[in-house]
1. Two-decimal Rg/Rh of the range 20-75 from alpha-carbon positions, Kirkwood Rh?
2. Residues with beta-carbon under 15 Å from that of A45, excluding A45: net charge, scoring Lys, Arg +1 and Asp, Glu -1?
3. Would you mind pulling out the separation of the Cα centroids of the range 27-48 and the range 108-163, in Å?
4. Of Y118, A192, V38, which is farthest on the positive side of the dipole of the chain, counting Cα position, with +1 on Lys and Arg Cβ, -1 on Asp and Glu Cβ, and the Cα centre as origin?
5. To the nearest 0.05, how large is the calculated FRET efficiency for Q180 and C138 if R₀ is 35 Å and r is the Cβ-Cβ distance?
6. Over its Cα atoms, what ratio of radius of gyration to 2.2 N^0.38 Å does the range 106-199 give?
7. So how far apart, in nm, are the two label points at F74 and H60 if each is 7 Å from Cα heading toward Cβ?
8. Of the trypsin sites (Lys or Arg not before Pro) in the range 69-157, which ones lie in a loop per DSSP and count no more than 12 other C-beta atoms within 10 Å?
Amino acid sequence: MKFKALTAVAALMVTIPAITLADPDDDTLVLNGETEMVTKVAAPAHMAETGVDTVMSGWHFRNDDTQAMQTDDFDNPGMLAVEAAIEAWNTVEGEAGKSCASCHGAAEDSMKGIRAVYPKWNETAGELRTLAMQVNDCRTNQMKAEPYKYTSGPMAAMEALISVQSRGMPVNVAIDGPVQAMWEKGKEMYYAPFQRLRA
């Protein structure tokens, strides 16, 4: 449980990965000729102590071959995991005789925007949940199926399927209310190396 809590704290400090292609100096890149993603933004105020004034997507540091491979979903080998997850999404598992689709319908409709708001506070459980934690909650409580191992291939594939539905959307993770203390703890953990370097 401690691992999950720490993962949730760390997840508050990350954003949705972008898979795109354009000129390396562009601030906005385009995937599949239609989905635009911002890849450079001014650093938020809380990053002032790092000396970083611009936050950039890892896209800018990939080599040309990797960028070309990721330009189109058809060529991107990562999309094989998404295809596997689509099959799992529609597969009935567990004692309840349900699949993910039984409750949520098509992932491309019901999961649109979901990744952009995770990690997210779950009021019923009284905890901050990562997307993986929520997937397993659905599996164990709704499907009555075995949970995925937290860092397993099936979990990574399911997270990829859900995440791909939010491509191009701005991250909108709540950092106030019941998660504010965790946000502050995550910030402290994230910036600790910078503080040690200055000491």
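1. Working: Rg = 13.0 Å, Rh = 12.3 Å.
We get a ratio of 1.06 for the range 20-75.
2. Details: positive: K187; negative: E49, D53, E184.
Summing Lys/Arg as +1 and Asp/Glu as -1 gives -2.
3. The range 27-48 and the range 108-163 have Cα centres separated by 25 Å.
4. Result: A192.
5. Working: r = 26 Å, r/R0 = 0.75.
After rounding to 0.05, the efficiency reads 0.85.
6. Working: Rg = 15.7 Å, N = 94, 2.2 N^0.38 = 12.4 Å.
Normalised Rg, Cα atoms only: 1.27.
7. My value for the distance between the label points is 3.1 nm.
8. Values: sites: K98, K112, R115, K120, R129, R139, K144, K149; in loops: K112, K144, K149.
For trypsin sites (Lys or Arg not before Pro) across the range 69-157 that sit outside H, G, I, E and B with at most 12 neighbouring Cβ atoms in 10 Å, the list reads K149.
Read the figures in this text as sums done on the coordinates, not as results from a lab. From a predicted model like this one, the values you see are computed outputs, not experimental measurements. With ideal geometry, Cβ positions are generated from the backbone for all residues, glycine too; neighbour counts draw on all protein chains shown.
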